[in-house]
Amino acid sequence: MRAESKPSFYEINCISSLKSLYGDYDALISAWEALLDESAGQEPLRRAIASAHFAKHERRWSLLSQSELRRIVGLMEANLRDNPGEERDLRMWFEAYRRLPEFTYLEAIDRLEAWVSRAEALDAHYYLYILHFLLWRSGIERNQQKILYHLERCSDLAVGRRGHSYEWLGTAPEWCPLIHHLDLGEFDRKKRFSLVSGKVLCEV
């Protein structure tokens, strides 16, 4: 439920207890899925199922299958229909959606801009900066104003935070060539590059 933030000691204990109780995440997910139609407050339950899929794969998006990613997208879209401004659901929706071949910049930017219109969220500006940069890089967008605007908002909102890049530019997937920092290979500090499966990546 805390997206990609570092799990707390309490969260780790809860996850360990749930795994001990149910034996594995698959049983936990199945049990919660069965409750969906019966539960009155489905929003937290949908989020919990999505989070369980994520936690099942060591909290690394690259390890999830496309069917799991699509399930998370569906769950988060259902939540966003009920509550369009919920940042946790928007963040999880985007992380899953951008890894699917049906990804479109139009839909992703539309949801992220709706997020920004409700709250000046650093994550929303960060990913809007990245998406507009990718569109500019591919020649679809010619004006750099949106790139610079969201980059400036990131700088303004990141005061006091460490300058760490969570996303790197790669060669795949074709529709949204981003690589999460947890999936990088060994980092060459002299060249400021990392290698993943022989593909050179650079910081976004």
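In a fully extended conformation the segment linking ILE140 and TRP32 would gain 34.6 nm over its present Cα-Cα distance, using 0.36 nm per residue. Here TRP61, TRP175 are placed in order of increasing Cβ neighbour count within 10 Å, fewest first, which gives TRP175, TRP61. Annotation note: trypsin sites (Lys or Arg not before Pro) in the stretch 78-160 located in DSSP loop regions with a Cβ neighbour count of at most 16 within 10 Å are ARG142.
Proximity of backbone amide H atoms, modeled 1.01 Å from N, is registered between LEU178 and GLY170 at under 5 Å, excluding neighbours fewer than 5 places apart on the same chain. Taking θ as phi - 60° and the Karplus parameters 6.51, -1.76 and 1.60, the scalar couplings of the stretch 141-150 work out to 9, 9, 8, 8, 4, 5, 4, 5, 4, 5 Hz in sequence order, x denoting glycine and proline.
Only the coordinates and a few stated rules stand behind these numbers; no lab work does. Worth saying up front: this structure is predicted, and the values here are computed from it rather than measured. Counting neighbours? That spans all protein chains shown, and the Cβs are built from the backbone with ideal geometry, glycine included.
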